[in-house]
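Reading through the structure tokens given below for one structure.
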Amino acid sequence: MAETVTSPFKTEGSGPIAKSSRILINQIQVLLRTSQIHDIGNVAFDRPVTNLIGALDGLFKTDTEFALRCRGEYLYIDDTRVRYDIEDMVSYELVSSIMKEKKIGSFNFQKPVSQDDLKKFAFALNSFVPPGPNQPEEEFNNILKERGIYSIWAGPLEEAEQIKLDDLADRRKMAKKTYFQAVSVTRGVMNSIKSEQPTHLKKVKRVIQGIVDIILGEEASLLGLTAIKDFDEYTYNHCVNVSILAMTIGQKLGLDKNMLTKLGIAALFHDIGKVDVPIEILNKPASFTEDEWTVVRKHPEMGVKAISKIRGLNELAASSMAVAFEHHIFYDLTGYPVTREKKMPNFFSRIVSISDQYDSMTSARVYARIPYSPDKALSLMMERSGVQLDPLLFKIFANIIGVYPIGTLVMLDTRELGLVFESNPNPEKLDRPKVILITDSSGKRVAGKTVDLSETGQAGGYRRSIIKALDPKKYRINLAEYFL
Amino acid sequence: MEELFQKIPDQPLKQPEEETLVPESELKAVRELLQSLLKTKRAFEMYPANNPILAKFQDDICRRFDDFFGDADKLPLLIRQQEILYKGQSVYKNTEKDENLALLFYKDGLRELTFLEGFSHEELMDFIEVIRAKPDLLSENWDDDIVTLLWEKDFAHLRYYVVEEFSDGEALSEEEVQRLLSGESSDDLSEAYKDADEGEAKEIFSPLESISMGFKGVFSLGEEEVKTLKDEIEGLTDEKFLDEAIYCLFESLFMEKGSQDFELVAGSLESALSYLVHTGGFRTASNILKRFRELSGGGEGLSQHEAERLKTAITRAGSESRAKIIAEVLNSGREINIDDFREYLGHLDRASIIPLSNLMGEVQDIKYRKALIDALVSLGKDNIEVLAAGLKSGQWYIVRNVAAILGRIGDKKALEYLKQAVKHPEPKVRREVVRALGMVGGPKAGEILLEVLDDTDPQIRMAALRYLPQAQNYSVLDVLVEVITRPDFEERALSEKRVFLEVLAEIGQEKVMPFMIKLLKKKNFLFGNSKNEEMRVSAAYGLGNIRHKDSLRALESVSSHAKKGSALYEAVSYSVHKLAGPDGVGQEA
């Protein structure tokens, strides 16, 4: 018996507060960029400053004071996380990375904030270099006061390492639990379909909702689990992995939680048609014969029939049906099944197609008999982008997986070896993921400590950088040991 | 689920289970609030959404929540199987299985519910929506429970605690964990160091090179690209997904041509159709019907048997049982696009005529009834006898509408059926039948209209009269004259007498002119015989319909004697004016 509690995060999706929050973040980004190029008197400031004042007014409606906070990878207005739209993705990530870089945890705004305050604030922030570990925010506040700004002040970055590690351990535990619940539920549902028993989808929905909660909080733990490929009965893990990858793409796209659930369920059932493919074919150690291919290629169509059988049609079944049918139809409309009427596969189908290809290629038991290393898979997929795969969605996916995909073994300039655990959401810093260290600089094995490669040292330079990437399988490194 | 019933949360949750001192008034408020909640839930299950009784319950529960939060900042409830606790004290107890608020929450795994200050009326209504029983209509498609629904609603001022039941056990067995870990990583990673140093390692995507190019092009989206994605995301509606699913089903249907699974897919499309009707999705539903029609029409390589299968589906789309569902949907107050509904009806076959006719008696909104009538007009054209069966309905309302539809179709075949309805006990029906007879027209319609001249309702008699000229049946003249010369005819109202004589003149023209003139000139021998006077007035109006100089002359001669301002004077002047006017006989003369 496991527990779930409502997500601790309150996410503001729509409404005037959410809108003002998004404009605020967006315009801070524009303001900072403008102040890098122009003098303080330049007219280029007029628009961002006016927009910012508008956003601030919106946020001051409920209180005379509020804070824009950066915690982990996310931004919050007070304690409400700001959900971003795909349009705001870049500003969102830029603002959060600047706050981390400057070691500032929050910007507090108190009514009234003048146009002049905002401009001066931008210049102060741009030129600010954190002086070291001791209260950088106080240093910044002194600068603000010197320039006569009293309506804005900075708060400390939530003290990293220790708290974060505990937190991370908890989150990983939660992620692990949810992941295996998902595998279990998937196995249960698939079995009941195979044996033509009544199928209950409530459990599926609940477990996918649980995954959505985790993904909206922090996706890395789950993505790490998708990198472990050594499970028995990989079929069910594959379903769950594709579902997690798809929902992660959906999360980046800014889909709301109900839409993410729908996507997750559709992705989980993408191969449902395979329950009707004889197990001897699916588990065949050698390549398929032409006849066997014909059978395997029927699984999308069988998927449609399987979903019809269990549920008939409703809103939930509809998206699952589309994905089950179309996930092997490519962006250029080739692939299978061959349809009478050609049309671009559904948005969800295209997301699942990418997730499915990646997980299939990187695991040994589905389709490709010899697994590709994650990076090899990703570069192959890059070649297929725009042909087989939707190029825009692929970009999002590549951002999630990163230049160094999760599970990649990397050698750092400190001569430590590490496993890539989480990609850097800032597209400018894709080469700086989070890494679990597995050896120290002398090559001795160490218990997995997580480090962030975007962390800078005293002198401002990066503490660690990747110099080489390797395939962990070649050196008998068991990902489960670190990611489970 | 059984197993779950026996389990009691093994650890205390976030509130004390032991009894604490809580003022009785506070407990009473919570007890009454929960009772009110249960009553409101029940009311929502019993009454349609627009029922005024609901508002009363709504007001009560809202007021109780407001009152409670006047003194407290949260309302924490601990859920047990048959009991609800507040601050350790029982505030709800029920050992029954039905209508049990505690069990309702408990069975889905809810163990704690905390309403927070700020819980708005809107949230409260959403909450009731979550806990109310779902309509049977959709229950077979139901994949939700209270927990999934609470999650979807994303309440800002409600916290809950759930236990999950996963009877399949923890998914990962101990052995599997052991196995996963037993392939423990090699301690010796010198090989990896060697490869890295000797350049064996790969530089994925040549990251350094990518950095120098800037990641933007490779990994970031341009403004246009972002817009494209945003548009796609905005297009992700339920309706769109349903369309996509229908597309997949039709593609599958073609793939299954000649296979026994054709039946399975066709069945799925039919159940999709049924679901869509349930949910008011008439647009997508009509698309399915449209394609069924195209495919069953041949030319798509379907076997005879397969084509028949699809025709059956069309027939069932307009069946009695489907019509019942349509009535429920149309009466539910849900927003239905009228054009989509019309299109759906337009695809049905003749088998739907009787169900749709009956539907007219059940649907409340006039715009849907109009759509039904239009559909029946077009379906009934080639199926008069089927449609006319509706005239035998026990509901006068349906009979009236069927009569109207037959009238609009205007097919003479309808007359024999209308003839049977002309004596219907409901005057509204008889009036509609008369109108229908008039619209069909022709000598036979005239004959039937004559039967109405003895109707008990003068309005209906007059209506029948007014349609008589269109029947172009001269044999009616004798009947009219016969009625007019009956001794009791004078007793009828002036308005009816006037119509009789106007119609008689209009049909009979010169043939009846002497008779009319005679009536006009018939003097009052008895002083004050107003009935006779009325006959003269009516004749005067009638003569205005006979375009003949003798008619005009007769009128003029009376005109000079008639008392100015009298009814006769008015009538004569009116007709003289009509006949002597620019279009009258005056010009000919």
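The values are calculated or read from the model by the stated rules, or taken from the named source; none is laboratory data. None of the values given here were measured: they were computed from a predicted structure. In this analysis, Cβ positions are derived from the backbone assuming ideal geometry, glycine residues included, and neighbour counts consider all displayed protein chains. What goes into the accessible areas is simple: the full protein's heavy atoms, side chains included, and nothing from ligands, DNA or RNA. Shrake-Rupley method; radii C 1.70, N 1.55, O 1.52, S 1.80 Å.
Would you mind putting B:253-262, B:355-364 in packing order, based on average other-beta-carbon counts within 10 Å, highest first?
Details: B:253-262: 15.9, B:355-364: 20.4.
Per-residue mean Cβ counts within 10 Å order the peptides as B:355-364, B:253-262.
The mean number of partner chain beta-carbon atoms within 10 angstrom of a residue's beta-carbon across peptide A:176-189 is 3. Taking amide H as placed 1.01 Å from N in the peptide plane, the amide H of A:I467 sits under 5 Å from that of A:M411, A:L412, A:D413, each at least 5 places away or on another chain.
According to a simple spin-label model (label point 7 Å from Cα along Cα-to-Cβ), what is the distance in nm between B:E451 and A:K343? Here the modelled spin labels are 5.4 nm apart. In this structure, B:Q364 and A:K473 have a Cβ-Cβ separation that, at R0 = 60 Å, corresponds to a calculated FRET efficiency of about 0.30. Projected onto its three principal axes, the C-alpha set of the stretch B:381-473 covers 29, 25, 16 Å, listed from the longest axis down.
So if the hydrodynamic radius of the stretch B:426-549 is defined as the Kirkwood radius over C-alpha pairs, what does Stokes-Einstein give as its diffusion coefficient at 4 °C and 1.567 mPa s, in µm² per second? Kindly include the intermediate steps, with their values, before the conclusion.
Working: Rh = 14.7 Å.
It diffuses with D of about 88 µm²/s by this estimate.
Take the eigenvalues of the Cα gyration tensor for chain B, scale each by 5, and report the square roots as semi-axes in whole Å, largest first. Mind showing how you got there, number by number?
Values: eigenvalues 1222, 264, 115 Å².
Each semi-axis is the square root of five times an eigenvalue, giving 78, 36, 24 Å.
Between the beta carbons of B:A580 and B:F489, assuming R0 = 35 Å, the FRET efficiency works out to 0.75 to the nearest 0.05. In Å², rounded to the nearest 100, what is the total accessible surface buried by chains A and B against each other with a 1.4 Å probe? Using a 1.4 Å probe on protein heavy atoms, the buried area is about 9700 Å². Near the amide H of B:V91, within less than 5 Å, lie the amide hydrogens of B:I84, B:L85, B:Y86, all on another chain or at least 5 residues away, with H placed in the peptide plane.
To the nearest 20 debye, what is the magnitude of the charge dipole of chain A about its Cα centre, counting +1 on the Cβ of each Lys and Arg and -1 on the Cβ of each Asp and Glu? Dipole magnitude for chain A comes out near 920 debye.
Which trypsin sites (Lys or Arg not before Pro) in the stretch A:421-484 pass both tests, a DSSP loop state and at most 13 other beta-carbon atoms within 10 Å? Let's see the in-between values first.
Numbers: sites: A:K429, A:K434, A:K444, A:R445, A:K449, A:R463, A:R464, A:K468, A:K473, A:K474, A:R476; in loops: A:K444, A:R463, A:R464, A:R476.
Here the trypsin sites (Lys or Arg not before Pro) that fit, given the DSSP loop and packing criteria, are A:K444.
Extension gain for A:N126-A:K145 works out to 5.2 nm (0.36 nm per residue, less the C-alpha to C-alpha distance).
What 222 nm value per residue comes from the helices of chain B, counting each DSSP H run with n ≥ 4 as -39,500 (n - 2.57) and dividing by all residues, nearest 500 deg cm²/dmol? Numbers along the way, then the final one.
Details: 33 runs with 368 residues, N = 589.
-19000 deg cm²/dmol, from helical runs alone.
For the stretch A:225-275, the average shadow cast by the Cα convex hull is 3.7 nm², which is a quarter of the hull's surface.
Highest mean packing comes first when the peptides A:51-58, A:267-274 are listed by Cβ atoms within 10 Å, giving A:267-274, A:51-58. In sequence order, the stretch A:223-229 has phi-based couplings of 5, x, 5, 5, 7, 7, 10 Hz under the Karplus curve 6.51 cos²θ - 1.76 cosθ + 1.60, θ = phi - 60°, and Gly or Pro positions carry x. Model label sites at A:N258 and A:I281, defined 7 Å from Cα along the beta-carbon direction, differ in position by 3.9 nm.
Each Cα pair of the stretch A:34-93 feeds into the Kirkwood radius, which the Stokes-Einstein equation turns, at 25 °C and 0.890 mPa s, into a diffusion coefficient of 181 µm²/s. Separation of the stretch A:440-477 and the stretch B:458-472, taken as the distance between their Cα centroids, equals 100 angstrom. Axis of helix B:494-508 versus longest Cα principal axis of chain B: the two differ by about 80°, to the nearest ten degrees. With a simple spin-label model that places each label point 7 Å from the Cα along the Cα-to-Cβ direction, the separation between B:S332 and B:Q509 comes to 6.1 nm.
Accessible area per residue of the stretch A:337-484 at 1.4 Å probe, in Å²? Don't skip to the answer; put the middle values down first.
Numbers: 5110 Å² over 148 residues.
I get 35 Å² per residue for this part.
All Cα-Cα separations within chain A were binned at 20 Å from zero, giving a P(r) of 22, 51, 24, 3, each value a whole percent of the pairs.
With θ taken as phi - 60° and the Karplus curve 6.51 cos²θ - 1.76 cosθ + 1.60 applied, the whole-hertz 3J(HN,Hα) list for the stretch A:428-439 is 6, 10, 5, 8, 10, x, 8, 9, 8, 6, 10, 9 Hz, x standing for glycine and proline.
Our estimate of slack between B:E32 and B:K56, defined as 0.36 nm per intervening residue step minus the Cα-Cα distance, is 7.1 nm. Sorted from greatest to least, the principal axis extents spanned by the alpha carbons of the protein assembly as shown come out as 139, 76, 69 Å.
Summarised in one figure, the compactness ratio Rg/Rh of the stretch A:179-221, Cα atoms and Kirkwood Rh, is 1.09. The equivalent ellipsoid that matches the C-alpha gyration tensor of the stretch B:316-375 spans semi-axes of 16, 12, 11 angstrom, in descending order. Peptide A:473-481 has a mean shielding of 6, counted as Cβ atoms of other protein chains within 10 Å of each residue's Cβ.
Could you give the Stokes-Einstein D for the stretch A:10-158 in µm² per second, using the C-alpha Kirkwood radius, 20 °C, 1.002 mPa s?
Numbers: Rh = 15.3 Å.
It diffuses with D of about 140 µm²/s by this estimate.
Mean silhouette area of the stretch A:161-401, derived from the convex hull of its C-alpha atoms and averaged over all directions, reads 13.1 nm².
If you count, for every residue in B:248-258, the Cβ atoms of partner chains within 10 Å of its Cβ, what is the mean? Don't jump to the answer; show the numbers that get you there.
Numbers: counts 17, 8, 3, 11, 11, 2, 3, 8, 2, 0, 0.
The shielding value for this peptide is 6.
Rounded to the nearest angstrom and listed largest first, the equivalent-ellipsoid semi-axes of the stretch A:173-285 from its Cα gyration tensor are 24, 16, 12. Shape of the stretch A:409-483 from its Cα gyration tensor (a ≥ b ≥ c, root eigenvalues): rounded if a/c is under 1.5, otherwise prolate when a/b > b/c, or oblate? Because a/c hits 1.5 or more and a/b exceeds b/c, the stretch A:409-483 counts as prolate. Note on B:K74 and A:H200: with the Förster distance fixed at 35 Å, the Cβ-Cβ geometry gives a FRET efficiency of about 0.55. Scan around A:L75 for amide H atoms under 5 Å from its own, H built in the peptide plane at 1.01 Å from N, and keep only partners 5 or more places away or cross-chain. Amide H neighbours of A:L75: A:V82.
Karplus-based coupling profile of the stretch A:120-126, in residue order and whole Hz: 4, 4, 4, 5, 4, 5, 4, with θ = phi - 60° in 6.51 cos²θ - 1.76 cosθ + 1.60 and x standing for Gly or Pro. Nonpolar atom fraction for the protein assembly as shown, defined as the carbon and sulfur part of the 1.4 Å probe accessible area, stands at 51 percent.
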